[in-house]
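Here is the structure we will look at, set down as structure tokens.
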Amino acid sequence: MSELPSARITVSRPFSTTGIDYWGPIFVQSTQRRSTPRKAFVAVFVCFCTKAVHLELVVDLTTAKFLQAFRRFVSRRGLCSDIYSDNGRNFVGAANELRQLIRSKDHREQVGKECAHYNIRWHFNPPKASHFGGLWEAAIQSAQKHFVRTLGKQTLAYDDMETLLSQIECCLNSRPLVPLSDDPTDLEPLTPGHFLVGSALKAVPDVDVTEIPFNRLKKWQQTQKLVQQIWNRWNREYLITLQPRSKWCNPPVELKRDQLVVLMDENLPPMCWPMARIDDLHPGPDGVVRVVTVRTSTGRYTRPVAKICLLPIQSGVPKQAPQTNNNTAAPIHPSTAQ
């Protein structure tokens, strides 16, 4: 693996350097009665520096609609200096119209004029090098996989779909990244939302409707049920990625007192991350810590290590794991975590 690009490690304003990609198609209800649902796509904008995500609904694959989505993004997140995207040949999972749009000469000329007007540099990845865009591919996987599984063949109106995408965006931007300070009494993590609004993103308190049948809910409640279902799926999967542990092969993950962790809880509402500090370690007979006592804002609790998650980026310089032989894979640096 090569080193991270300089744009990924250069401190800049959020979305100053942005990666763009599409996913879809999804289907939205037409405004006319008894008409078939129409195709739509989602434009994904990912900040290289903060990993914040911005989602825009695009109703068709034309240059005009793309420029409109781009202007909406710029109006809300500010002007970009550099934009990175896949080459047209890399859209393997997208529709043929998308490949034709990105590769068309007219589209590139119009987008080029728009970027030149605002002094924006557009960078294309090499052909057949989709792994160069791992940052936005990870964001698409986080949003698209559970969106498709939850929504299925159901269609939503345009405004309902925009509401759903906005709340999915808020979920992604609320994930904890690193402790805000080394103060043992501080339980606040740094999230992508801090870079966007100056504090953690919170959801409007809502009633849990996950167990209520879909046909008994009002229209706006149906959208909230989809948000809650997507949150439950994505939240569990994201927390598991924070605690990869290989059995019997590598030394255990080193835990320390006062370390900020996330507690796993399946019954929490969206955008709620239960943070805690490790108060005490309880090693077993072999010296491996499998149970810890954590301190939260409501008290002290004993939890197994399998139910706590270290943040993807820890404060201080991470220790390099000892290499046993030449065939052992090198440890992944925390800064490369998606």
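The values are calculated or read from the model by the stated rules, or taken from the named source; none is laboratory data. Since we're looking at a predicted model, the values are computed, not measured. Counting neighbours? That spans all protein chains shown, and the Cβs are built from the backbone with ideal geometry, glycine included. With ligands, DNA and RNA removed, areas are computed over all heavy atoms of the protein, side chains included. Shrake-Rupley method; radii C 1.70, N 1.55, O 1.52, S 1.80 Å.
May I ask you to give the percent of accessible area on the stretch 138-199 that is carbon plus sulfur, with a probe radius of 1.4 Å?
That fraction is 52 percent.
Considering only protein heavy atoms, what per residue accessible area in square angstrom results for the stretch 269-315 with a 1.4 angstrom probe?
On a per-residue basis, the stretch 269-315 sits at 49 Å².
Could you order 107, 282 by accessible surface area, starting with the largest, using a probe radius of 1.4 Å?
The ordering from most to least exposed comes out as 282, 107.
Rolling a 1.4 angstrom probe over the protein chains, ignoring ligands and nucleic acids, what is the accessible area of residue 288 in square angstrom, nearest 10?
40
Multiply the residue gap between residue 188 and residue 31 by 0.36 nm, knock off their C-alpha separation, and tell me the result in nm, one decimal place.
52.1 nm
Which net charge results for the neighbourhood of residue 49, defined as the other residues with beta-carbon distances under 13 angstrom from its beta-carbon, given Lys and Arg at +1 and Asp and Glu at -1?
For residues surrounding residue 49, the net value is +3.
What list of ³J(HN,Hα) values in whole Hz, one per residue of the stretch 77-85 in order, does the Karplus curve 6.51 cos²θ - 1.76 cosθ + 1.60 (θ = phi - 60°) give from phi, with Gly and Pro shown as x?
10, x, 6, 8, 9, 9, 10, 10, 8
Quick one: net charge of residue 301's neighbours, Cβ under 13 Å, K/R +1, D/E -1?
Taking every Cβ under 13 Å from that of residue 301, the sum is +2.
Amide H neighbours of residue 258 under 5 Å, counting only residues 5+ apart in sequence or on other chains, H built in-plane at 1.01 Å?
Correct list: 278, 279.
Please find the FRET efficiency linking residue 122 to residue 300, where r is the Cβ-Cβ separation and R0 is fixed at 41 Å, and quote it to the nearest 0.05.
So the FRET efficiency works out to roughly 0.20.
What residues qualify as long-range amide H neighbours of residue 156, i.e. H under 5 Å apart, gap of 5 or more or another chain, H built at 1.01 Å from N?
Amide H neighbours of residue 156, under 5 Å, 5+ apart: 29.
What are the residues whose amide H is under 5 Å from the amide H of residue 190, where those residues sit 5 or more places off or on another chain and H is modelled from the backbone?
177, 178, 180
So, R0 is 22 Å and r is the distance between the beta-carbons of residue 113 and residue 12; what FRET efficiency does that work out to, to 0.05?
The calculated FRET efficiency here is 0.35.
At 1.4 Å probe size, what's the solvent-accessible area of residue 310? Round to the nearest 10 Å².
Rounded to the nearest 10, that gives 20 Å².
Per residue of the stretch 211-224, what does 6.51 cos²θ - 1.76 cosθ + 1.60 with θ = phi - 60° give for ³J(HN,Hα)? Whole Hz please, x for Gly and Pro, Karplus curve as stated.
Each residue's phi maps through the Karplus curve to give 8, 8, x, 4, 6, 9, 9, 6, 4, 5, 6, 5, 5, 5 Hz.
Which of the listed residues, 220, 141, 196, is farthest toward the dipole's positive end in the stretch 122-247, when Lys, Arg count +1 and Asp, Glu count -1 at the beta-carbon?
In the stretch 122-247, that residue is 141.
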